[in-house]
Amino acid sequence: MPYRRSIWRTLHYKPKRKFTFLQTSYRCFSCSLNVGQVQQNKSKDTERMTHFGFATVPESEKVLKVGAVFSSVATSYDTMNDLMSLGIHRLWKDSFVRSLNPGSRLPRHDIDNKSNGWNILDIAGGTGDIAFRMLDHATNINKDRETRVTVADINSDMLVEGEKRSLETPYYKSGRLTFMQANAESMPSIPDNSVDLYTVAFGIRNFTNKQSALVEAFRVLKPGGVFACLEFSRVSNNIFNEIYKRWSFSAIPLIGQVVAGDRASYQYLVESIENFPSQKEFRGMIQAAGFMIPGQGYENLTGGIAAIHKGVKPVLKM
């Protein structure tokens, strides 16, 4: 009986099998898309943020958005400034240029520098508005026909507009006026200590990193060179400020829609003015870039609607 049981067990015995599952790569297209999106979102999360009007956006996104705004308003740029300042921007620009007196005799701090005339770099000056005034002043007031201006702008549409306007000036193909596309925060094509005067009018508030642009301005300026900025600013009188804000936020976007068919661009420009640092805050930023501040450092125009800011690159003592 025990023998039969052992045979029975032998006949019914089945060894336990070990199953090995081979790991094969499985490609899920939708999954890979999700992974890509997650990685993209992570890169956006790690990217530095900045202001675009009242919105907060990644720095790379602001560059594209600001570019779209100025491409949209390039052909109506003067009209835009007329609307935003009630035409007074023309007087501000004239005052800005007179205060700098381009073409006057420069103090030479370096013996090897024998060039004549000023080397002026006008940043965010695509339409040439400031450059033409600078050359007019140097030529007609100071009888200087050697001062030259390089107009630099990140926006190609603005530069095209400026080159088109230059055809109607005596400076076209004179060797005194050139246009170049450049980002004010990094201009490797411009040598250190090569510029006598760096100007930026109604442009720096649109820069992604204003402090980087100020540091770059310090780099390209010669010792004794001047940084000069004309920009919308903070109104000093409370009542006047209230009236101005009502006009800015109510009327300007509406007029932009009616005149240029572009409410959004004008809304951004109004918001960018509101976000720009106060006169004292911006003076501190200029100083932090290494500049000496002459006097108060700024001059208010029309009660502070706009202001002229200046900084001087220190002269190295021998």
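Summary of computed values
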item: Theoretical gain in end-to-end length, Asn183 to Glu168 [0.36 nm per residue, Cα-Cα removed]; result: 2.7 nm
item: Share of carbon and sulfur in the accessible heavy-atom surface of region 129-188 [1.4 Å probe, %]; result: 49
item: Contact order relative to length of region 227-318, as percent, for alpha carbon pairs under 8 angstrom and 6 or more apart; result: 40
item: Protein accessible area in region 215-269, 1.4 Å probe - carbon and sulfur %; result: 61
item: Within region 80-95, backbone nitrogen closer than 19 Å to the virtual label 7 Å beyond the Cα of Val258 toward Cβ; result: 80-88
item: Rg/Rg_globular for region 231-318, with Rg_globular taken as 2.2 N^0.38 Å and Rg from C-alpha atoms; result: 1.37
item: Two-site label geometry, Glu61 and Phe240: point separation in nm, points 7 Å out along Cα→Cβ; result: 3.8
item: Packing-based ranking, highest mean first, of 243-253, 307-317, 191-201 given that Cβ atoms within 10 Å are counted; result: 191-201, 307-317, 243-253
item: Net charge, Ser76 excluded, C-beta distance under 15 Å - Lys, Arg +1, Asp, Glu -1; result: -3
item: Sum of side-chain charges, Val235 neighbourhood, beta-carbon under 13 Å (Lys, Arg +1; Asp, Glu -1); result: +1
item: Two-site label geometry, Asp82 and Glu281: point separation in nm, points 7 Å out along Cα→Cβ; result: 3.2
item: Total formal charge among the other residues, if their Cβ is under 10 angstrom from that of Phe249, Lys/Arg +1 and Asp/Glu -1; result: 0
item: Over 31 Å (Cα to Cα) - which of Lys164/Lys280; Lys65/Lys93; Lys62/Lys93 fall in this group; result: Lys164/Lys280
item: Most to least packed among 205-216, 88-99 [average Cβ atoms within 10 Å]; result: 205-216, 88-99
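The values are calculated or read from the model by the stated rules, or taken from the named source; none is laboratory data. Keep in mind it's a predicted model, so treat the numbers as computed, not measured. Note that we place each Cβ from the backbone using ideal geometry, even for glycine, and neighbour counts take in every protein chain shown. When the accessible area is computed, the model is the full protein with side chains, heavy atoms only, and any ligands, DNA or RNA have been set aside. Shrake-Rupley method; radii C 1.70, N 1.55, O 1.52, S 1.80 Å.
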